[in-house]
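A.B. asks: Structure provided below as structure tokens; questions to follow.
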Amino acid sequence: MTRFTRIQNRFLDTIRSKKADEVARQPGTATDLSALEGHKNCLLVTFKRDGTPVPTPVWFGVADNHLYVRTEFDTAKVRRIRNDPHVRVGPCGDRGQPKGPLTEGRARVVGPDEEEHAEAAIQANFGKGRQVFEGVGDRIGVETVYIEVTTEGGET
């Protein structure tokens, strides 16, 4: 993780909605991803080894009943998912303000052969604005991965 990314993450942690922390501690009540329709951000809640929930607002896309997120490969959320695939997801504002119910799910880092599908899902939810923003990281060589979340309810 670059020094800039660490500084940026600390800043984002300070402005994250306190309600995100409150909601992250509660079990998900939704059974599918339908609450995400019409939203650009979702709260991705991952879990530390001691069970502490960590809410992170992220950009996402949904395709074929799966939620997709793109992030730097060496972020803490990726390490937490590799250790414990249990997650919660739900709609939120850009600072993590909850906008609907969370649902329980399982996350995994997708393989290289699935990245095009994951990118298409995210792109369909965002358009060119996100591509321009994230293209800066691509040009300076930031390594990224895609995360796929499937819900325990299974349908969107």
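Read the figures in this text as sums done on the coordinates, not as results from a lab. Bear in mind that the values here come from a model prediction, so they are computed numbers and not experimental data. As a convention, Cβ positions derive from the backbone with ideal geometry for all residues, glycine included, and neighbour counts pool all protein chains shown.
A.B. asks: Just to be sure I understand the model, the point goes 7 Å from the Cα along the line to the Cβ. What's the resulting D74 to E115 distance in nm?
C.D. replies: About 1.7 nm separates the two model spin labels.
A.B. asks: Okay, moving on. For Q26, project a label point 7 Å along Cα to C-beta. Then give me every residue of region 85-100 with its amide nitrogen under 11 Å of that point.
C.D. replies: Of the residues in region 85-100, 98-100 have backbone N under 11 Å from the label point off Q26.
A.B. asks: Another one. What FRET efficiency do you get for K19 and R49 if R0 is 25 Å and r is their Cβ-Cβ distance, rounded to the nearest 0.05?
C.D. replies: On the way: r = 25 Å, r/R0 = 0.99.
The computed FRET efficiency comes out at 0.50.
A.B. asks: Continuing with the same structure: Can you give the percent of C-alpha pairs in region 21-133 whose distance is more than 24 Å?
C.D. replies: Working: 1164 of 6328 pairs.
When every Cα pair of region 21-133 is considered, 18 percent fall beyond 24 Å.
A.B. asks: Here's another thing I want to ask about it. Taking a point 7 angstrom from the Cα of H86 along the C-beta vector, which residues in region 22-43 have backbone N less than 20 Å away?
C.D. replies: Those under the cut-off are 22-33, 43.
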